[in-house]
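Written below as structure tokens is the structure these notes are about.
Read-outs throughout are calculated quantities, based only on the coordinates presented, and are distinct from any laboratory measurement. Here the structure is a predicted model, which means the values were calculated and not measured. Backbone-built Cβ (ideal geometry, glycine too); neighbour counts: all protein chains shown.
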Amino acid sequence: MRKQTALPRFTRTLLASALMLAFAPAWAQEASSTQAAEAPPAQTAPSGDKDMASVVVLGSRGAARTALDASAPVGLISAKDMQMAGPLELGKLMQTLDPSFNFSSTFISDGTDIIRPATLRSLGPDQLLVLVNGKRRHQQALVNVQQTIGRGSAGTDINAIPMSAIQRIEVLRDGAAAQYGSDAIAGVINIVLKQQTSETQLSGTVGGTSEGGGELYSGSANKGWAIGDGGYVNLTVEGRHRGETNRAGLDTARVDPPRVTQRIGDSLAKDKYFWWNAALPAGEGAEFYSFGGISHRTGDSAGFFRTAGDGRNVPSVYPNGFLPNIRTTVKDQSLALGYRRDLADQWKFDVSLNHGRSELDFHEKETINISYWYEPKPGGGIYAQSPLEADTGKLKFRQTTVNADLRGPLNIGGREISFATGFEYRRDGYAIDAGDPVSYQYGRTNNPAIQIRDQLGGIAASGTQGFPGYTPATAVDDSRHNIALYADLEHKLTSELLLGAAVRWEKYSDFGSTTTGKLSLRYDPSKVVGLRSTVSTGFRAPGVQQKFYSSVSTNLNAAGVLTETLTAREGSAVTKAFGIPNLKQETAKNASVGIVLRPASNFSLTADLWGIDIDDRIVFSSNIAPESGPCATLAACPIKAILDPLKVGQAQFFTNAIDTETRGLDIVAEHTTRWPGSTLVLSGQLDFNRTKVAGRHSDSPVLSGAQLFDDAQVTLIERGQPRQHHVLSADYTTGAWNGNLRANYYGEVQGQGFTAPFIQTWDAKWIFDATLRYNFSKTASVTVGSNNIFNTFPTKWDPVKAAPFPQLGFTYCWETCPFGINGRSWYARVDVAL
């Protein structure tokens, strides 16, 4: 493996950023005023208002501030940023614009092909809290159980929110469990929906890839109406079609003559959305509000190829072998209802009810149940029949949250303190529906005593190939609830010094209570320099998905052999036999210190050092396989003694198995130069991070910490996400023209989930994007652009050390793919406002 120290790469990146900023006219020649813009009282920014667009509400329950005035680092993605970036998927767009956010591409990973993992600061998807209009967004039903980023977690389905409904996005890069509750260990994303009432916004996009496939068609409409004095209703509809891409190489190991047998790339996806955001005046200083949406998305992806001679095939049905086809349907609904009112003496009250649901349906095509086909028929012979498609089950998550919040100023000893307090009740539920009987049964009677032999003479596999269905034994419908109380204070001790504190107490119905706290400081010794720092404790409760999920699936083991894998839930016979205790909460410590420089009105620079320590992190275990070789006694092979009666090749489960330490540095610089009729904005965002597994531990008398969470899983946690991700951009506007050049640098990543002990390294790459927009008028424009204009691909698999995967057609990355494998893409978009 090629070794390279971090220092040269760090130096090169800093030089690149410095050179980019240096090409702008010296900021010293600009206006000498360094006074920051006053934060307006409104907490949402209407389209087109540049001053208000810089205001953020995330990270503080006090007065709204600009991002540069906050006590913790907050990133802001504006409506213009979204317009001048190419991706139409929210996850990919955020990854392109915010280097702390990662949205790894996935394929041949079942449901993770359609619901990809979204992470912040290289932690897990479920350690990131997502808000919409400041209210908690429900999580996804899917548990990522394949060898991908976010393995063992169930985060938030970020792509269930259409971009055409969004006004801006705030990203808090700081631990905030004491402020917002469980899941906010890595940070918080707040998605603010549009409120505009002045026009009908129409948009249409077409696109594709230069390597073939990936055709893109998208259309959206956003319309707003004013209601009474200050009320509004804003509606969004959006539809999108994304064609599949296939970058698989020739399969030289399994077919002769060699041909492409796999589908490796983006799945076919069709998305439909309807969202709304509304407020109804209810007297002076009061309103009822509602927001939410419905999304319906379908995916079409593939499993692993079965050869003609494989025991999992029936040659008379599939003489050339077959590629199982996995069809997924994602249904997502959310509804928030609330009432907010201004009280006397600047106090404000807000009560809300928020309900969300996520459902993922699986349907298998191009498949077969081998045990059905070869099952002995009474009177002699075999049935020689099996359905070739089936429903394989459903995953369902539901969440209901009730909030009551009160905030305002307290006068204590002549000093004014911003105070907020509130109550939260939340109920989370999880369900698994079993699939059609043919999707999971061993023969028509599901009787293991009957010997059914496949074409090779071995015991026939049960269920449909590709994605065996969820069984009645794995079906579940359960829930838990929790309550929380919080208090939040901010006080400006002097005109230069702001202090903040937050405390939160939560009690869960299934594992007890916990208390977290946070302290923050902002010190501005001058108008040019600001210092900020936070320290906090955090926690994350085990997700109901992690508590109740179980399944049987077919995966490739390290030898490239398809193997039945059992995922066992807590408290099951399997986890009890291994001595795995029930899940408990993760606990975290988070600290940051940063500097804000505003030496001129057109230039700013921030740098923040941060660290996150997490104990008892909940992870998905390694694949626990029976001991190899002969076993003289059962005691000599304890894993085999547990797994053999279950008729599975390997098992895995959720467990509090590791402690991690994450350290990072974020640098953000922006310089604006204005000439008569034109503007140039140069920006650089540099993200450095490093996660280390500080300890592996096991309560099992059978498994050690290294067995429970092996080196391949350590590599995925430590090196699966880029340790460096930087975004450099130049945006130039002159007259009716607007051009944008953007470069994303993705540091190297590594994986050994399929090649252990060999560690495959995918080298660091620069990805360049370009966008050009022409405004025919204030209401009509056309935009053309290309992402990855130099057609850059990840490093190819090592043909020898990574065997047999390159020989099976795996050309580029798999378990971790930061920027995907599609190559160059292009798009053209028309925007019209009526």
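Between Asp763 and Ser210, the simple label model (points 7 Å from Cα in the Cβ direction) yields a spacing of 1.9 nm. The length gained on full extension between Arg690 and Val260, counted as 0.36 nm times the residue separation minus their Cα-Cα distance, comes to 151.0 nm. Per residue, the average separation of C-alpha pairs within less than 8 Å and at least 6 apart gives the stretch 283-329 a relative contact order of 40 percent. Normalised by the number of residues in the chain, the mean separation of alpha-carbon contacts (under 8 Å, six or more apart) gives a relative contact order of 12 percent.
As a check on your grasp of the helix formula, calculate [θ] at 222 nm for the chain: sum -39500 (n - 2.57) over DSSP H runs of n ≥ 4, divide by the residue count, round to the nearest 500.
Computed mean residue ellipticity for the chain: -2000 deg cm²/dmol.
Rounded to the nearest 5, what % of the DSSP beta bridges within the chain are antiparallel ones? List each step's numbers first, then the result.
On the way: 307 of 316 bridges.
Beta bridges within the chain, antiparallel portion: roughly 95 percent.
Applying 0.36 nm per residue to the separation of Phe423 and Ala635 and subtracting their alpha-carbon distance, the gain on full extension is 71.0 nm.
If the chain linking Leu497 and Ile294 were pulled fully straight, counting 0.36 nm for each residue of separation and taking away their Cα-Cα distance, it would gain 68.6 nm.
Applying a 10 Å radius around every beta-carbon, put 212-218, 405-411 in order of their mean neighbour count, most first. Before the final figure, lay out the partial values.
On the way: 212-218: 17.6, 405-411: 15.1.
The densest-packed peptide leads the list: 212-218, 405-411.
Which order do the peptides 760-766, 444-450 come out in when sorted by mean C-beta neighbours inside 10 angstrom, highest first? Numbers along the way, then the final one.
Working: 760-766: 18.6, 444-450: 11.9.
So the peptides 760-766, 444-450, ranked by packing, come out 760-766, 444-450.
Here the spin labels are modelled as points 7 Å beyond Cα on the Cα-Cβ line, and at Lys796 and Thr679 they lie 4.7 nm apart.
Taking every full run of DSSP H in the chain, the ones that stretch at least 20 Å from end to end by Cα along their long axis and average -1.0 or higher on the Kyte-Doolittle scale are 6-22. Note on the stretch 279-356 and the stretch 597-669: Cα centroid distance 26 Å, given to the nearest whole angstrom. Placing one equal scatterer on every Cα of the stretch 378-474 and applying the Debye formula, the log10 ratio I(q)/I(0) at q = 0.12, 0.22, 0.25 Å⁻¹ is -0.60, -1.13, -1.28. May I ask for the distance between the Cα centers of the stretch 426-481 and the stretch 149-219, given as a whole number of Å? Rounded to whole Å, the Cα centres lie 35 Å apart. Most tightly packed first, judged by the mean number of other beta-carbon atoms within 10 Å of their residues, the peptides 684-696, 109-121 read 109-121, 684-696. Each residue, Ala282 and Ala706, gets one label point 7 Å from its Cα in the Cβ direction; the gap between the two is 6.2 nm.
Simple point charges give the picture: +1 on the Cβ of Lys and Arg, -1 on the Cβ of Asp and Glu, and for the stretch 711-834 a dipole about the Cα centre of about 360 debye. Which Cys residues of the chain have no other Cys beta carbon under 4.7 Å away? None - each cysteine has a disulfide-compatible partner (Cβ-Cβ under 4.7 Å) in the chain.
Beyond 30 Å in Cα-Cα separation lie the following of the pairs Lys80/Lys223; Lys92/Lys194; Lys80/Lys135; Lys348/Lys507; Lys135/Lys547; Lys331/Lys778: Lys331/Lys778. Placing +1 on the Cβ of every Lys and Arg and -1 on the Cβ of every Asp and Glu, with nothing else charged, gives the chain a dipole about its Cα centre of roughly 520 debye. Each Lys and Arg Cβ is given +1 and each Asp and Glu Cβ -1; about its Cα centre, the stretch 104-242 then shows a dipole of about 200 debye. Using a cutoff of 8 angstrom between alpha carbon atoms and counting only pairs six or more residues apart, the relative contact order for the stretch 722-795 works out to 27 percent. Take the Cβ atoms of Tyr732 and Lys584, set R0 to 60 Å, and the FRET efficiency comes out at 0.65.
From the Cα gyration tensor of the stretch 106-210, with a ≥ b ≥ c the square roots of its eigenvalues, which class applies: rounded if a/c is under 1.5, or else prolate if a/b is larger than b/c, or else oblate?
Numbers: a/c = 2.37, a/b = 1.16, b/c = 2.05.
Here the stretch 106-210 falls in the oblate category.
I need the Debye-formula profile for the chain: one equal scatterer per C-alpha, no solvent, reported as log10 I(q)/I(0) at q = 0.11 1/Å, two decimals. These q points yield log10 I(q)/I(0) values of -1.34.
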